[in-house]
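The next block holds one structure in the form of structure tokens; read it before the comments.
The values are calculated or read from the model by the stated rules, or taken from the named source; none is laboratory data. Since the model is a prediction, treat every value here as computed from it, not as a measurement. No Cβ is skipped: glycine too gets one built from the backbone with ideal geometry, and neighbour counts run over all protein chains shown.
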Amino acid sequence: MKPTKRFPVHLVVFLAPATLVYTVFMIYPLFDSLRLSMFTPLPDRTETFAGLANYVRLFTDANWAPFLWNAIRNNFVFFAVHMLVQNPLGLLLAALLSSHVVRFRAVFRTLLFLPTVLSIVLVGFIWRLIMSPIWGISEDVLGLFGLAHLNQPWLGLEATALVTLSLISVWQWVGIPMLLFLAALVGIPDELIEAARVDGANAWQVFWGIKFPLILPTVGIVGVLTFVANFNAFDLIYTTQRALAGPNFSTDILGTFFFRTFFGAQLQPGNPTMGATVAGVMFLIILGGVLVYLFAYQRRLQRIEL
Amino acid sequence: MTRRPLRPGRGFGYWAQVLGAHAVLLLYSGIALFPIVLVVINSFKERRSIFRTPYALPDAESFSLVGYQTVFSGARFDLYFLNSLFVTGVSLALVLLLASMAAHALAEYRFTGNAFLGLYLAMGIMIPIRLGTVSILRMMVALGLTDTLWSLILVYTAQGIPLAVFILSSFMRQVPGELKDAARIDGASEYRIYGLILPLVRPALGTVAVFTMIPIWNDLWFPLVLASSERSKTVILGAQIFLGQYVNDWNAVLASLTLAMVPIIVLYVIFSRQLIRGLTQGAVK
């Protein structure tokens, strides 16, 4: 780094364009949207300041609160499935891909990541076709294991639709934790592992005793990325279950609730200020998750390292 | 002295482990590919064969392009494709240019507010731009940009900048200082030095390009909100609407899914090495 002396014109030239575009089209809208969430429309099409009234309404009004809580609850289920299935599966695949005994690692890596580069819209439709009773693919696949009688229209049943969609999302996104874990695992020096082997540790002990503690920072990053992505999700539910997130709102998450509130759907008219309020709640939830990660998880890790 | 990594004894346990690892990877590769392959092969079959023999490759008897004909007569996929290409291409170029300039300034110069600006720009990595949609739509209406591709380009550029600056500045910090000092002594301007550094971080630019491109190409939300008119539809929005309308025409559904999927799969297979290498390196740092 060089200390600069004259007025640094070049600094402005380098920094201004990115900062300007980012501020005008990302940061300003985020804050302006929070501001809008404190306004309410008047009959003459102007808007008036309402303080936190929209938030109170969202959390207590009988027309809003049940939908909000339903979406939050469903969103946590969606998140839980990702944490319990996607991330352990990503860790397992990464552990196998980083193993010296596995052949064709690059080929496996490329294939396993493929679903992740596809659009969620296409993924949603593909799985709808697979599960369609007309095509009968899911029944055939279960039949391979002698379980054809268990086949059900999972996306159409209130009890199973949300978990099914979560698993479809896991199918698509497992590549991300897989690669992040893989990057962390191949970064571990060989000497550490050899030393443990010499001491007689088996593969299982080496993994949980040495490798896993060393990749804990990545575990945290994967966790917070999953949280942010899940509480911002929208496309999959909108594509497969439409804006009403059926059956009977059983797959409604915050993203679809936000869209419906903002744009309206069927009989419900769109409401920009209430939409901004839902976005405000999402903002607070996501911010909360990020702060928990930054202050609880990362700080604790640093203490352990010291 | 180089030592070969110690291998466990090659007894029954070792081979069981090798076999088990490959079995799990093969099984999961099957799970990852099966739905995609199934859609692609059936998109080239006539309707009856789709249902009777879904797992067979198309043969002389079952081969049919009727789905593709319906797609091309029912929707302007050629136009949607050009729209997606334009939006993705211009946004990507803008992100790479603006972010590399900012990253260079953050990595190279010591000035008041450097750390703060770095943090400010990094904030956008964690907070999704989607949450500002209500305000973005109003702004685009005020600017007269709704239903134009430029509304998308501006949003995607803003969305791509945070992560790009973060990754590029961490790479640019590793470029040795002697190189820049030598250029300065030769009388190079600060802009010339930026031009000298760019080629040195080409792998990082490649990684950033892929990570910027995929979410832009695949996005549904902003095309739906900002640019849903017929002439500004992107491939994904076009496919989404087409699939909704032709939901019972299996040939058309399978063909449009294949058409929307294949470009990104081809690109991915070509660039997968670079993408994965970039990700694994970037994440270690």
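Laid out as a table, the results:
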{"read-out": "Answer from A:Phe262, A:Phe234, A:Phe207, A:Phe249 - the residue that is within 27 Å of A:Trp154 (Cα to Cα) and either at the interface with chain B (Cβ under 10 Å from one of its Cβ atoms) or over 26 Å from the mean Cα position of the chain (by Cα) (or both)", "value": "A:Phe234"}
{"read-out": "Subset of region B:21-73 (residues that are closer than 25 Å to A:Phe113 by Cα and touching a residue at least 40 places away in the same chain (Cβ under 8 Å))", "value": "B:Ile36, B:Val39, B:Val40, B:Asn42, B:Ser43"}
{"read-out": "Some residue of region B:161-169 being buried (at least 18 other Cβ atoms within 10 Å of the Cβ), within 7 Å of chain A (Cβ to nearest Cβ), in contact with a helix residue (DSSP H, G or I) (Cβ under 6 Å, 6 or more places away or on another chain) and aliphatic (A, V, I, L, M)", "value": "yes"}
{"read-out": "Residue within region B:237-255 that is at the interface with chain A (Cβ under 10 Å from one of its Cβ atoms) and touching an Asp or Glu at 6+ places or on another chain (Cβ under 8 Å) present", "value": "no"}
{"read-out": "Yes/no for B:Ala105 being in contact (Cβ under 8 Å) with a residue 40 or more places away in the chain and surrounded by 15 or more Cβ atoms within 10 Å (Cβ to Cβ)", "value": "no"}
{"read-out": "Residue within region A:140-147 that is within 12 Å of chain B (Cβ to nearest Cβ), of a type outside the set (D, E, K, R) and within 30 Å of A:Phe207 (Cα to Cα) present", "value": "no"}
{"read-out": "Flag if B:Ala56 is surrounded by 18 or more Cβ atoms within 10 Å (Cβ to Cβ) and either farther than 30 Å from A:Thr19 by Cα or in contact with a Phe, Trp or Tyr (Cβ under 8 Å, 6 or more places away or on another chain) (or both)", "value": "no"}
{"read-out": "Selected residue (criterion: modelled with the highest pLDDT) from residues of region A:263-278 that are farther than 19 Å from A:Pro66 by Cβ and surrounded by 18 or more Cβ atoms within 10 Å (Cβ to Cβ)", "value": "A:Ala276"}
{"read-out": "Residue match in region A:25-32 (condition: among the hydroxyl-bearing types (Ser, Thr, Tyr), under 28 Å from B:Phe166 (Cα atoms) and surrounded by 19 or more Cβ atoms within 10 Å (Cβ to Cβ))", "value": "no"}
{"read-out": "Hits in region B:68-102 (condition: small (Gly, Ala, Ser) and either within 14 Å of chain A (Cβ to nearest Cβ) or surrounded by fewer than 15 Cβ atoms within 10 Å (Cβ to Cβ) (or both))", "value": "B:Ser73, B:Gly74, B:Ser84, B:Gly89, B:Ser91, B:Ala93, B:Ala99, B:Ser100, B:Ala102"}
{"read-out": "Those residues of region B:24-79 which are farther than 30 Å from A:Arg103 by Cα and among the hydrophobic types (A, V, I, L, M, F, W, C), in sequence order", "value": "B:Phe44, B:Ile50, B:Phe51, B:Ala60, B:Phe63, B:Leu65, B:Val66, B:Val71, B:Phe72, B:Ala75, B:Phe77, B:Leu79"}
{"read-out": "Residues satisfying the stated conditions in region B:108-131, i.e. closer than 16 Å to A:Phe14 by Cβ and buried (at least 21 other Cβ atoms within 10 Å of the Cβ)", "value": "B:Glu108, B:Leu121"}
{"read-out": "Where A:Ile134 falls short, out of the listed (1) at the interface with chain B (Cβ under 7 Å from one of its Cβ atoms); (2) surrounded by fewer than 21 Cβ atoms within 10 Å (Cβ to Cβ); (3) closer than 24 Å to B:Arg47 by Cα", "value": "(1)"}
{"read-out": "Every pair of residues 6+ apart whose Cβ atoms lie under 6 Å, when the first sits in region B:169-187 and is farther than 28 Å from B:Leu121 by Cα while the second is at pLDDT 90 or above and not charged (D, E, K, R)", "value": "B:Ala183/B:Ile193; B:Ala183/B:Leu196"}
{"read-out": "Helices (runs of 4 or more DSSP H) enclosed by region A:40-121 - at least 1 residues per element that are at the interface with chain B (Cβ under 7 Å from one of its Cβ atoms)", "value": "A:87-97, A:105-117"}
{"read-out": "Answer residue from region A:78-110, given it is of a type in the set (Val, Ile, Thr) and surrounded by 14 or more Cβ atoms within 10 Å (Cβ to Cβ) and is farthest from A:Ser166 (Cα to Cα) among those", "value": "A:Val101"}
{"read-out": "Whichever residue in region A:162-217 is charged (D, E, K, R) and at pLDDT below 90 and, among such residues, is farthest from A:Ala106 (Cα to Cα)", "value": "A:Asp199"}
{"read-out": "Checklist (1) in a helix (DSSP H, G or I); (2) without any contact (Cβ under 8 Å) to a residue 12 or more places away in the chain; (3) surrounded by 14 or more Cβ atoms within 10 Å (Cβ to Cβ) applied to A:Val12, failing item", "value": "(3)"}
{"read-out": "Those helices (runs of 4 or more DSSP H) lying entirely in region A:152-235 with at least 3 residues crowded, with 16+ Cβ neighbours inside 10 Å and in contact with a Ser or Thr (Cβ under 7 Å, 6 or more places away or on another chain)", "value": "A:161-173, A:175-186"}
{"read-out": "Some residue of region B:108-115 being away from every other protein chain (no Cβ under 13 Å) and under 30 Å from B:Ser170 (Cα atoms)", "value": "no"}
{"read-out": "Any hit, region B:251-261, residues being part of a helix (DSSP H, G or I), modelled with pLDDT under 90, among the small types (Gly, Ala, Ser) and surrounded by fewer than 16 Cβ atoms within 10 Å (Cβ to Cβ)", "value": "no"}
{"read-out": "Count of residues meeting criterion [more than 22 Å from A:Phe76 (Cα to Cα), assigned to a loop (DSSP other than H, G, I, E, B) and not small (Gly, Ala, Ser)] in region A:248-284", "value": "3"}
{"read-out": "Region B:239-266, residues that are in contact with a Leu (Cβ under 8 Å, 6 or more places away or on another chain) and within 19 Å of B:Asn83 (Cβ to Cβ)", "value": "B:Ala239, B:Gln240, B:Leu243, B:Ser256, B:Leu257, B:Ala260, B:Met261, B:Ile264"}
{"read-out": "Long-range neighbours under 7 Å by Cβ, at least six apart or interchain, first residue free of Cβ contacts under 8 Å to residues at least 40 places away in the same chain within region A:39-52, second surrounded by fewer than 10 Cβ atoms within 10 Å (Cβ to Cβ) and in a loop (DSSP other than H, G, I, E, B)", "value": "A:Thr48/A:Leu42"}
{"read-out": "Whichever residue in region B:88-101 is closer than 15 Å to B:Ala204 by Cα and small (Gly, Ala, Ser) and, among such residues, is nearest to the chain's Cα centre (by Cα)", "value": "B:Ala93"}
{"read-out": "Hits in region A:270-282 - residues which are over 9 Å from A:Ser37 (Cβ atoms) and at the interface with chain B (Cβ under 7 Å from one of its Cβ atoms)", "value": "A:Pro272, A:Met282"}
